[in-house]
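The values are calculated or read from the model by the stated rules, or taken from the named source; none is laboratory data. Just so it is clear, the model here is predicted, and its values are computed rather than measured. Heads up, the Cβs are rebuilt from the backbone with ideal geometry, glycines too, and the neighbour counts pull from every protein chain shown.
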Amino acid sequence: MGSDPICWQKGPDLNSNMRQTLLTLLATLFLTSCGFHLQGRQPMPEAFTYTFIDTKDEQTDFVQDLRKALIASGSKVIRTQGSSGATVSVHEDELTERILSVSARNIPTEYELTYRVKFSVTAGGKTLIDSEEISATRDLSFEESQLLAKEREQEILREALARDLVALVMRRMASL
């Protein structure tokens, strides 16, 4: 019989598990009580249960993202205005490009992209938001040698600007 050292194995610490569970519950309670919501999941007022989007062009980045955000928030986006609870009218939806700087050979090297949207919201015959204009701007550098990459970068920036504007509109409508 050798003198083997005695190994004591420690069982699960119940106090540690309870403490971890309590901290998780407190963190969840804190986040929900401060009004935290996942991005794109704005709780909408009841007037937006059925929403119609009135626009000239339904294929713009802004309108497509607005439709997705409304659906994600629990609204039903409908195709006919007559049965809608709320109508979001998109009066203007445009992307403009302005040259900021040029090279010595008079070739543009930097652009400014501005996405501008003018909208209004009505529900039940009442105007909830009267013709508001919002815009977002980003700078874009340009190199002739990287033409395809810069075109893709411009496309990505346009989509990001549209998402930013949709987030602003959704927060504005959620505050009604």
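Couple of notes before you dig in:
- Just one of the listed residues (Ser75, Ser33, Ser84, Ser120) is more than 21 Å from Arg158 (Cα to Cα), polar (S, T, N, Q) and at pLDDT 95 or above, and it is Ser120.
Yes/no per residue for (1) of a type in the set (A, V, I, L, M, F, W, C); (2) out of contact with any Gly (no Cβ under 9 Å at 6 or more places or on another chain); (3) assigned to a loop (DSSP other than H, G, I, E, B); (4) more than 13 Å from Thr122 (Cα to Cα):
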{"site": "Met44", "(1), (2), (3), (4)": "yes, no, yes, yes"}
{"site": "Ala47", "(1), (2), (3), (4)": "yes, no, no, no"}
{"site": "Thr51", "(1), (2), (3), (4)": "no, no, no, no"}
{"site": "Gln64", "(1), (2), (3), (4)": "no, yes, no, yes"}
{"site": "Ala69", "(1), (2), (3), (4)": "yes, no, no, yes"}
{"site": "Gly74", "(1), (2), (3), (4)": "no, yes, yes, yes"}
{"site": "Val77", "(1), (2), (3), (4)": "yes, yes, no, yes"}
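- Within segment 115-127, tally of residues that are part of a strand (DSSP E or B) and either loosely packed, with under 15 Cβ neighbours inside 10 Å or among the basic types (Lys, Arg) (or both): 4
- Neighbours by Cβ (under 6 Å, 6+ apart or cross-chain): first from segment 157-176, farther than 13 Å from Leu95 by Cβ and charged (D, E, K, R); second at pLDDT below 95 and in a helix (DSSP H, G or I): none
- Members of segment 128-152 found to be assigned to a strand (DSSP E or B) and without any contact (Cβ under 8 Å) to a residue 40 or more places away in the chain, listed by number: Asp130, Ile134, Ser135, Ala136, Thr137, Arg138, Asp139, Leu140, Ser141
- Arg19 being part of a strand (DSSP E or B), over 23 Å from the mean Cα position of the chain (by Cα) and either at pLDDT 95 or above or of a type in the set (D, E, K, R) (or both): no
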